[in-house]
Amino acid sequence: MVKALIVYGTRYGAAESTAKDIADVLQSEGFQVKVANVKEERIRDISDYQLVIVGSGIQIHKWTGEAEKFLKDFQKELRAKKLALFVCCGSAQPLTEKEDEKTKAPQKAKRKYLEEKAAKYGLKPVALGLFGGVYNFNKMPWWSRKVMQPLKKQLESAGIKETKPGIYDTRDLQAIRNWTKQLAHQ
Ligand SMILES: Cc1cc2nc3c(=O)[nH]c(=O)nc-3n(C[C@H](O)[C@H](O)[C@H](O)COP(=O)(O)O)c2cc1C
């Protein structure tokens with residue numbers, strides 16, 4: 001049985017839900033999976049795992065410190081593994097076609113948050129996942145809540161409904177499942 005480790009860092013929960021969704025698919029494909037929130041659990045050894053997936057949410061263009069530290073600490077070992085990286089971020093899911101054309105946000109996000117991150121640590125992932133984010137207005141820092149307020153209207157106009165009061169999930173679960181299935185078959 002192939003053993004897979006999924007390590008993630010999150011601030012608002014998107015990377016956590018995504019890690020769990022990825023784990024569900026891998027398990028159904030016959031993998032033995034361990035999921036770890038690197039802020040809560042220290043991983044000391046990855047020698048047991050053939051596949052390692054590292055993911056993070058993005059805030060002000062940054063991975064969480066803990067997920068990035070994992071890449072830094074294990075870069076040598078990760079070079080010898082099948083590795084996949086994913087991020088959950090707002091730029092993955094432009095809310096209008098016009099915005100998409102104008103900003104090319106997903107392409108830029110893929111380059112900045114995934115390709116450049118892999119290159120920084122000399123890693124050659126077999127897959128890069130760019131997934132949408134969660135906007136949790138109850139959990140945002142005070143300095144961002146006001147600036148982000150107009151986003152609520154944009155989310156609603158784009159047809160994204162609150163999953164709970166103040167929480168909008170823009171992730172495409174099917175895209176996450178498809179990405180994971182492809183990874184499992186590699
Ligand atoms: C204060 C703040 C800053 C953000 N900065 C960015 C950003 O720089 N780029 C981006 O694509 N998304 C950004 N987002 C959207 C987040 O990436 C999104 O909330 C995602 O779900 C974060 O991952 P997490 O839920 O796992 O923490 C930001 C969100 C907040 C609340």
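The values are calculated or read from the model by the stated rules, or taken from the named source; none is laboratory data. Just so we're clear, the structure is a prediction, and the values are computed from it rather than from any experiment. Because the Cβ atoms are built from the backbone with ideal geometry, glycine has one as well, and the counts that use them run over all protein chains shown. What goes into the accessible areas is simple: the full protein's heavy atoms, side chains included, and nothing from ligands, DNA or RNA. Shrake-Rupley method; radii C 1.70, N 1.55, O 1.52, S 1.80 Å.
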- Could you tell me whether any residue of the range 34-46 is more than 25 Å from LEU173 (Cβ to Cβ), within 16 Å of the ligand (Cβ to nearest atom) and of a type in the set (Lys, Arg)? no
- Looking at the range 46-80, which of its residues are under 11 Å from LEU5 (Cα atoms) and charged (D, E, K, R)? ASP48
- Query: From the set of residues in the range 130-181 that are under 30 Å from GLY30 (Cβ atoms) and among the charged types (D, E, K, R), which is surrounded by the most Cβ atoms within 10 Å (Cβ to Cβ)?
  - Reply: ASP169
- Message: Out of the residues in the range 70-101 meeting the condition of being closer than 30 Å to GLN154 by Cβ, away from the ligand (no atom under 15 Å from the Cβ) and part of a helix (DSSP H, G or I), tell me which one is most open to solvent (accessible area, probe 1.4 Å).
- Response: LYS98
- If ALA127 passes every condition in (1) in contact with a strand residue (DSSP E or B) (Cβ under 7 Å, 6 or more places away or on another chain); (2) open to solvent by 70 Å² or more (accessible area, probe 1.4 Å) but one, which one does it miss? (2)
- Message: Given the criteria open to solvent by less than 60 Å² (accessible area, probe 1.4 Å), within 16 Å of the ligand (Cβ to nearest atom), touching a Ser or Thr at 6+ places or on another chain (Cβ under 9 Å) and more than 15 Å from GLY132 (Cα to Cα), does ILE53 qualify?
- Response: yes
- Is there any pair with a first residue in the range 118-130 that is part of a loop (DSSP other than H, G, I, E, B) and a second that is surrounded by fewer than 13 Cβ atoms within 10 Å (Cβ to Cβ) and of a type in the set (Lys, Arg) whose Cβ atoms are under 7 Å apart and which are 6 or more apart or on different chains, and what are they? TYR121/LYS72; GLY122/ARG79; LEU123/ARG79
- Which numbered condition PRO106 misses (of (1) within 20 Å of THR180 (Cα to Cα); (2) buried (at least 17 other Cβ atoms within 10 Å of the Cβ)): (2)
- Out of (1) surrounded by fewer than 17 Cβ atoms within 10 Å (Cβ to Cβ); (2) at pLDDT 95 or above; (3) over 17 Å from ALA15 (Cα atoms), the one ALA184 does not meet is (1)
- Message: I'd like the residue in the range 139-182 that is within 11 Å of the ligand (Cβ to nearest atom) and in a loop (DSSP other than H, G, I, E, B) and, out of all such residues, is nearest to the chain's Cα centre (by Cα).
- Response: ARG171
- Item | Restricting the range 14-33 to residues that are under 9 Å from the mean Cα position of the chain (by Cα) and without any contact (Cβ under 8 Å) to a residue 60 or more places away in the chain, the residue that is nearest to GLY129 (Cα to Cα) | ALA19
- Task: Return the residue satisfying two criteria in turn: it lies in the range 34-50 and is over 26 Å from VAL134 (Cα atoms) and of a type in the set (S, T, N, Q), and of such residues it is surrounded by the fewest Cβ atoms within 10 Å (Cβ to Cβ).
- Result: SER47
